[in-house]
Amino acid sequence: MIENVEIQLKELMLDEDFTSLQNLVNEEINLMDILRVSHKELQHSNFLAWFFNPNETHNIGDFALKEFIKIYFKENQFKNLGHETGLSVFDFVQLDFDDLEIRREYKNIDLVFLSEKNQFCIVIENKIYATESNGQLKKYRDIIEKEYPDFKHKIYIFLSLQEQQISESEQEFYVQLNYEHIIKLIEQVISSQRLKLADKTKFVFEQYLQTLKSMLNKNEEIEKVAQKLYKKYKSAFDLVLKYAVATDNSEIITKLKELIENEKTIRQFQSNNTYVRFQPNFLHDNIEKLRRNGLLLQTDDMSNNWVFLFEFNVRKTQVNFDCKIGAGDQSTREKLYNIYKKHKDVFTKVDKPLKSQWHHSFQKQILSPKDIQDFLNNDSVEELEKKITQRFRELIDKDLPKLISVLDYEINNSH
C-alpha cells in the first residue's frame, strides 16, 4: 500500500498537469500580495472607498454603487435592502448618487456612504479575517441613528471575506454580505460595454479581482487542474492530508463533506469555506406536499432553496450544526416559522421574533473549543475525524429524524 502511494507521489511530481498547476499558482501573484497588504482590512476598505466614489479617477460615476444594490435585489427575490421598510426597488430606480460622500473611519466606522439629497446612508463594517467585536455593530448603528434621524434610507451592512455569524441583537438590522458579492460586482464593471474603462483603471480592477479570487479560492482554471490531479492521484493526496499539520479548517470541512456524500438520507447543498450544507432527502421526496402547504413556491424546487437551511458552521474555535430558516419568500418563511414555534420542544432556538436574513431554529455542537484545541496540540487527524464521525452519526440518527418528523406531521395533517 505505502509503496504504491510512494510511486503515485513520484508520478505526481513529474506530471505535466502538476507543473501546469504550479505555474498557475505563480501567476496568481498580484500587487496586493507583493505589497503584503491583501490580508489587511484597511487596504480593502480604502479600495472600496475609491471604487464606490462617483467623483474618483476611475470615471465610472455611481455605476459601482448602483450595481452593488442591483445585485442584492436580484439575489434576494427583490426584497427591500435594509431593516424592515428598507430601500425598495421602486425607490432605488429614482435615485442618483452624484452627491455621494464617502467617509473612512468616521468615529471608527469603516465606511459611511452619505447622499444628502436622497436622505440616504449606507454603513459598511468591513471584515477580512477578524470577527465582530462585542457591541460594535450596535454602537455604530446608534451613532448613525442619532446623527441622521431624518434620513429616509439608513442601511447597515456587515461585509466579510466569508460568511460570519453576528450578534443576534443586530441580525435584524444588518444585511450580511460577503466578498463574493464584490467579486460579482467588479466582474460586471469590467465587462460593461458602456463604461469604456481606461486601460490603467481596468488593470487596477483586474488586480483587485484576482486578489479576492485568490483569497477565496475562486480560480476556476486552478480548480479544474487540481480536481483532475486529485482524481488521478487520490491515494497520494489523502496520505499527504492525513499527515499534514493542521493550520486551518480544511480537515474538518473535508471530513464533513465526505460524511454527507456517503450518507443515504441526505444530499449535499451549496457549501463554502465556512458553511458545509446539506438537504434531507425528505424534502426532495415531498415537493408536492410542501407546495400544497405553502412551504415551497409552485415555481420552485429544492435545487436552490435557502428557506430550509441545514448547515455545519465551521469556525476556528468550534463547529456547530444549525437548522435555520434562511432567505426566501417571506410568506413561506413565516409559515415555516409558525410550524417550528408549535414544536418548540424540538426546535429549541426558534422562540425569538423572525429575523429578516436567517433565523436560528435548532443547534447542536459538533466540536467544542476544547476539541479544537486538543487537535491543534496533538495534531491527531484520526482522533478529530473520529469525534466528527461520532457526532455526525448522533445528529443523523437521533436529532435529524426529530426535525423531519415535525415537517412530516405538519404536511400530512394540515387542513
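Is at least one residue of the range 362-374 farther than 24 Å from Ile396 by Cα and either in contact with a strand residue (DSSP E or B) (Cβ under 8 Å, 6 or more places away or on another chain) or of a type outside the set (S, T, N, Q) (or both)?
First, pick out the residues of the range 362-374 that are farther than 24 Å from Ile396 by Cα: 373-374.
In the following step, the residues that additionally are either in contact with a strand residue (DSSP E or B) (Cβ under 8 Å, 6 or more places away or on another chain) or of a type outside the set (S, T, N, Q) (or both) were identified as 374.
There is at least one residue in the range 362-374 that is farther than 24 Å from Ile396 by Cα and either in contact with a strand residue (DSSP E or B) (Cβ under 8 Å, 6 or more places away or on another chain) or of a type outside the set (S, T, N, Q) (or both).
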Matching option when the condition is of a type in the set (A, V, I, L, M) and modelled with pLDDT of 90 or more, among Leu195, Leu295: Leu295
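Suppose we filter Ile144, Ile102, Ile124 for residues that are outside the structural domain of Asn273 (by TED's automatic domain parsing), touching a strand residue (DSSP E or B) at 6+ places or on another chain (Cβ under 7 Å) and closer than 20 Å to Asn178 by Cβ; which single one remains? Spell out how you get there, then give the answer.
Working: Ile144 fails: closer than 20 Å to Asn178 by Cβ; Ile102 fails: closer than 20 Å to Asn178 by Cβ.
The unique qualifying residue is Ile124.
Would you be able to tell me the number of residues in the range 52-94 that are among the basic types (Lys, Arg) and more than 20 Å from Arg194 (Cα to Cα)? First the steps, then the outcome.
Filtering the range 52-94 down to residues among the basic types (Lys, Arg) leaves 66, 70, 74, 79.
After this cut, where a residue has to be more than 20 Å from Arg194 (Cα to Cα) as well, the list is 74, 79.
Total satisfying the criteria: 2.
Among residues belonging to the range 148-169 that are more than 27 Å from Phe90 (Cβ to Cβ) and without any contact (Cβ under 8 Å) to a residue 40 or more places away in the chain, point out the one that is surrounded by the most Cβ atoms within 10 Å (Cβ to Cβ). So that I can check it myself, show each step before the final result.
Looking only at the range 148-169, we keep the residues that are more than 27 Å from Phe90 (Cβ to Cβ), and these are 160-169.
Applying the additional criterion that residues be without any contact (Cβ under 8 Å) to a residue 40 or more places away in the chain yields 160, 166-167, 169.
Numbers: Ser160: 22, Ile166: 19, Ser167: 14, Ser169: 11.
Top of the filtered list is Ser160.
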Residue in the range 328-339 that is surrounded by 14 or more Cβ atoms within 10 Å (Cβ to Cβ) and on the phi > 0 side of the Ramachandran plot present: yes
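Tally up the residues in the range 42-71 that are hydrophobic (A, V, I, L, M, F, W, C) and more than 24 Å from the chain's Cα centre (by Cα), please.
Here is the first cut: in the range 42-71, the ones hydrophobic (A, V, I, L, M, F, W, C) are 42, 47-52, 60, 63-65, 68-69, 71.
Of the ones still in play, those that are also more than 24 Å from the chain's Cα centre (by Cα) are 50, 60, 63.
Residues in the range 42-71 being hydrophobic (A, V, I, L, M, F, W, C) and more than 24 Å from the chain's Cα centre (by Cα): 3 in total.
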Boolean, Glu132 is surrounded by 13 or more Cβ atoms within 10 Å (Cβ to Cβ) and not in a helix (DSSP H, G or I): yes
Any hit, the range 317-332, residues being at pLDDT 95 or above and in contact with a Cys (Cβ under 7 Å, 6 or more places away or on another chain): no
Residues of the range 285-320 that turn out to be loosely packed, with under 15 Cβ neighbours inside 10 Å and closer than 29 Å to Gln365 by Cα, as a count: 5
So Asp96, is it assigned by TED's automatic domain parsing to the domain that holds Leu185, in a loop (DSSP other than H, G, I, E, B) and either surrounded by 13 or more Cβ atoms within 10 Å (Cβ to Cβ) or at pLDDT 90 or above (or both): yes
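The values are calculated or read from the model by the stated rules, or taken from the named source; none is laboratory data. None of these values were measured; they are calculated from a predicted model. For neighbour counting, all protein chains shown are included, and Cβ atoms are generated from backbone atoms with ideal geometry for every residue, glycine included.
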